[in-house]
Each structure stands twice: as C-alpha cells, then as structure tokens.
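Step one of this worksheet: look at the structure below.
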Amino acid sequence: PDYGRAIVLEVNTEDPAAPLTFDRVIDFEGNMSKFTIMRDPQTGTYWSLVNRVTLKDVRQRNILTLVSSSNLIDWRVEYDVLNYEENGWHEDHTKVGFQYVDGLIDGDDLLFLSRTAINGAWNYHNANHITFHRISNFRGRIGK
C-alpha cells in the first residue's frame with residue numbers, strides 16, 4: 001500500500017558526522033503524517049499518536065490513534081484517541097484533521113497538542129485550532 005510503512009535508519013553514535021544507514025522497512029500505521037515516538041519511563045514501552053488511514057483517501061487525518069511497541073520494530077494499534085467518524089459530527093471529513101501531534105507522558109496520563117482542523121476549517125491540513133488533550137490513565141484503557 002501507499003501507507004502503513006516506515007523506514008528504520010541507524011545512527012552511528014561513535015561518529016555523529018557519519019551518514020544515517022538503512023536498517024529495514026517496518027509496518028507502521030500513520031506514516032503519512034508527522035509523528036513522534038515517546039519512551040515510557042515507567043514501562044520502557046514506546047508510544048506514538050498517529051493518523052490511522054481507514055479510507056482509500058490516504059490524505060485522511062481525522063482519526064488519531066495510539067500505537068505502542070516494546071522494540072521500535074513491532075507496532076500494535078491500541079485504540080483511537082480522537083475519531084471523527086465515530087463522534088457523530090456532521091462536518092465534511094475532508095475538512096477535519098488532528099495532525100502534527102506531539103506529546104509527553106506525565107505519570108499515568110498522556111498529554112498532547114494537536115494542530116486541529118474542525119468547525120469551519122478550509123480543509124483537513126489548514127488547521128484553525130491548536131488543541132490540548134489529556135488522556136487520563138492512558139495505559140489502563142488498553143484492551144477496553
């Protein structure tokens with residue numbers, strides 16, 4: 001597919017001037033938009049908030065999904081954090097986006113900012129809001 005893959009590159013920590021080298025291609029939801037990966041200081045698990053694509057239109061950014069990995073190679077979809085399709089909103093899906101998300105883990109909570117297009121945005125990409133979100137007990141929601 002045109003989405004759902006990421007490239008892993010290796011960094012030479014002994015020589016910071018050395019070029020990055022190709023390691024492998026992995027399955028990774030949300031590679032069509034900027035993402036960050038956070039390491040959980042409590043569990044060592046890696047977490048990311050990604051734009052999961054469910055439509056044939058790979059420009060879709062109206063579902064924000066929490067994914068996790070224990071090794072940065074094998075990723076698992078945990079749950080949708082924001083899902084335009086399930087919220088009953090009646091706005092054109094091409095004008096809604098939760099994107100360029102960055103966050104941090106604060107104890108049992110996951111905090112993040114989103115460049116958000118909703119409620120009259122020109123399109124999904126040209127956001128008209130910056131929104132702050134807190135997922136309380138984000139680890140405890142897994143499997144529910």
Does region 83-93 contain at least one residue that is part of a strand (DSSP E or B) and open to solvent by less than 50 Å² (accessible area, probe 1.4 Å)? yes
Quick one: residue 116 ticks every box in (1) modelled with pLDDT of 95 or more; (2) crowded, with 22+ Cβ neighbours inside 10 Å except a single one, so which number is it? (1)
What residue, of 108, 80, 102, is surrounded by 11 or more Cβ atoms within 10 Å (Cβ to Cβ) and in contact with a Gly (Cβ under 8 Å, 6 or more places away or on another chain)? 108
Just checking, does region 27-38 include any residue being among the polar types (S, T, N, Q), modelled with pLDDT under 90 and open to solvent by less than 20 Å² (accessible area, probe 1.4 Å)? yes
Count - residues of region 121-144 that are among the small types (Gly, Ala, Ser), in contact (Cβ under 8 Å) with a residue 24 or more places away in the chain and open to solvent by 30 Å² or more (accessible area, probe 1.4 Å): 2
Residue ID - most open to solvent (accessible area, probe 1.4 Å), chosen from residues in region 57-73 that are assigned to a loop (DSSP other than H, G, I, E, B) and at pLDDT 90 or above: 70
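Looking only at residues that are part of a strand (DSSP E or B) and among the β-branched types (Val, Ile, Thr) in region 1-29, which one is farthest from residue 73 (Cα to Cα)?
It comes out as 21.
The values are calculated or read from the model by the stated rules, or taken from the named source; none is laboratory data. What you are looking at is a predicted structure, and each value in this text was computed from that prediction instead of being measured. We place every Cβ from the backbone using ideal geometry, glycine too, and count neighbours over all the protein chains shown. Note: accessible area is taken over every heavy atom of the protein model, side chains too, but ligands, DNA and RNA are not part of it. Shrake-Rupley method; radii C 1.70, N 1.55, O 1.52, S 1.80 Å.
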